[in-house]
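Structure, as structure tokens:
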Amino acid sequence: MGKHHVQPAFDKQAWTRDTIALSDWTVKLPAAALAELRAVLVEIRRAPVPTFLLDPRDFALDACRATMDEVRRVTREGPMFAVLDRLPLAEMSRDEAVLLYWLLSSLLARPVAQKITGQMFYDVMDTGAKLSPGSGIRPTVTNVDLRFHNDNSYNETPPEYVCLLCLHPAKEGGISQVMSVATVHRALSQRYPELMARLHQPFWYDRHAEHHQGEPATYAAPIFERSKDGSLKARLALSEIHAGYALRGERMDNETAAALEAVQSVFEQPELHVELGFEPGQIQYVNNRATGHARTEFVDFPEPERKRHLVRLWLRDEGKRGYRG
């Protein structure tokens, strides 16, 4: 083997904008699966039950199961993210779209709590809130530019999947972006080899007030780590790390600051990420710790019903269903 040999599986996951195409991450919701979902709606309209009680095993969803198996393959063996295209929103209410989204996502993995209060659904929309360290306000409820991150990097057990159902896009901006963790790690290894050891050591993260009284407001973990199976996992959350050090009143040493600047410089390379035109009814599934996702700043329509509105689910089969896992 020559020294430049790269294993195909790694290469497929360490993609760049020029080595990946729309067809690599798009999974169509076929006619048979849509027919099954329409049948679910007929049944639910006739005999409603709360969304949390909906279990895929209670419905005939063979085509949907096959479709979500393809989403699983793409998010584990391919580019590590997928866009399911799409729920026909014109045929249903927003609440009905959310319950179909719950059923489809439950075929991929188990939905888990997104807050310590047990909140299962999270509305990603601008509430006018302003960010500050330790406030507990998450950037997802603002309209600010969100740099590449993994959801819940500041928790013991982050979700395996982050799912987003698009109910309404923004008037301007709010472009969804995805970058491969393998690509980020490779770029850092090539450009900043002297910082790689530091990136595999712990940093302090702001826990966004998702903890009980008397518990620490920060969490320590490395940005990159290897799983037992050798796969690379990340906790990309630069703003949470800066806030973590601020909360502790600790000055970053030069190596720590340089490591964060190096990661930021890789995030700023447009050729390393793709932009997704995220349309109503589409569902984005990202393998949370194998991809970084981002969104650009946005401007909303003035009407409340036309505001940018995504509904987020977290999925995780590992651990318990509570926030801490």
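Is it the case that some residue within segment 130-147 is at pLDDT below 65 and at positive phi?
Within segment 130-147, one or more residues are at pLDDT below 65 and at positive phi.
Looking only at segment 278-304, which residues are over 17 Å from GLN13 (Cα atoms) and either open to solvent by 20 Å² or more (accessible area, probe 1.4 Å) or part of a helix (DSSP H, G or I) (or both)? Before you say what the answer is, go through the steps one by one.
So the first thing to find is which residues in segment 278-304 are over 17 Å from GLN13 (Cα atoms), and the list is 278-284, 294-304.
Listed by number, the residues that qualify are PHE278, GLU279, PRO280, THR296, GLU297, VAL299, ASP300, PHE301, PRO302, GLU303, PRO304.
Residues in segment 174-189: is at least one more than 26 Å from ARG324 (Cα to Cα), in a loop (DSSP other than H, G, I, E, B), at pLDDT below 95 and open to solvent by less than 30 Å² (accessible area, probe 1.4 Å)?
yes
Filter segment 45-100 for residues that are in contact (Cβ under 8 Å) with a residue 60 or more places away in the chain, not in a helix (DSSP H, G or I) and not charged (D, E, K, R) and give the result.
GLY78, PRO79, MET80, PHE81, ALA82, VAL83, LEU84, LEU87, PRO88
When segment 247-265 is examined, which residues are found to be assigned to a helix (DSSP H, G or I) and surrounded by fewer than 16 Cβ atoms within 10 Å (Cβ to Cβ)?
Answer for segment 247-265, where residues must be assigned to a helix (DSSP H, G or I) and surrounded by fewer than 16 Cβ atoms within 10 Å (Cβ to Cβ): ARG248, ASN254, GLU255, ALA257, ALA258, GLU261, GLN264, SER265.
For the list (1) under 14 Å from the mean Cα position of the chain (by Cα); (2) at pLDDT below 95; (3) open to solvent by 10 Å² or more (accessible area, probe 1.4 Å), I need the number of the one condition that GLU160 fails.
(2)
Just checking, how many residues over segment 144-186 are out of contact with any Gly (no Cβ under 9 Å at 6 or more places or on another chain), hydrophobic (A, V, I, L, M, F, W, C) and farther than 18 Å from SER231 by Cβ?
So the answer is 5.
Does GLU275 qualify as being of a type outside the set (Phe, Trp, Tyr), open to solvent by 30 Å² or more (accessible area, probe 1.4 Å) and in contact with a Cys (Cβ under 8 Å, 6 or more places away or on another chain)? Lay out the reasoning, then the answer.
Working: of a type outside the set (Phe, Trp, Tyr): yes; open to solvent by 30 Å² or more (accessible area, probe 1.4 Å): yes; in contact with a Cys (Cβ under 8 Å, 6 or more places away or on another chain): no.
Criteria not met by GLU275.
Please go through segment 219-246 and give me each residue that is under 13 Å from ASP206 (Cα atoms), open to solvent by 60 Å² or more (accessible area, probe 1.4 Å) and at pLDDT 95 or above, ordered by number. Spell out the reasoning first.
Filtering segment 219-246 for residues under 13 Å from ASP206 (Cα atoms) gives 219-221, 235-246.
Adding the requirement that they be open to solvent by 60 Å² or more (accessible area, probe 1.4 Å) leaves 239, 242, 246.
Of everything in segment 219-246, those that are under 13 Å from ASP206 (Cα atoms), open to solvent by 60 Å² or more (accessible area, probe 1.4 Å) and at pLDDT 95 or above turn out to be HIS242, ALA246.
Has segment 195-216 got at least one residue that is part of a loop (DSSP other than H, G, I, E, B) and of a type in the set (Asp, Glu)?
yes
Determine if segment 34-47 includes at least one residue that is under 20 Å from the mean Cα position of the chain (by Cα), farther than 28 Å from GLY118 by Cα and open to solvent by less than 60 Å² (accessible area, probe 1.4 Å). Steps first, answer last, please.
From segment 34-47, those under 20 Å from the mean Cα position of the chain (by Cα) are none; that's our starting set.
Looking through segment 34-47, none of the residues is under 20 Å from the mean Cα position of the chain (by Cα), farther than 28 Å from GLY118 by Cα and open to solvent by less than 60 Å² (accessible area, probe 1.4 Å).
Just to check your reading of the model, which residue among LEU260, LEU247, LEU313 is under 30 Å from GLU70 (Cβ atoms), touching a residue at least 12 places away in the same chain (Cβ under 8 Å) and of a type in the set (A, V, I, L, M)? Spell out the reasoning first.
Working: LEU260 fails: under 30 Å from GLU70 (Cβ atoms); LEU247 fails: under 30 Å from GLU70 (Cβ atoms).
Every option except LEU313 fails the conditions.
The values are calculated or read from the model by the stated rules, or taken from the named source; none is laboratory data. Bear in mind the structure is a predicted one, so any value in this text is a computation, not a measurement. In this analysis, Cβ positions are derived from the backbone assuming ideal geometry, glycine residues included, and neighbour counts consider all displayed protein chains. Just the protein is used for accessible areas: all its heavy atoms, side chains included, with ligands, DNA and RNA removed. Shrake-Rupley method; radii C 1.70, N 1.55, O 1.52, S 1.80 Å.
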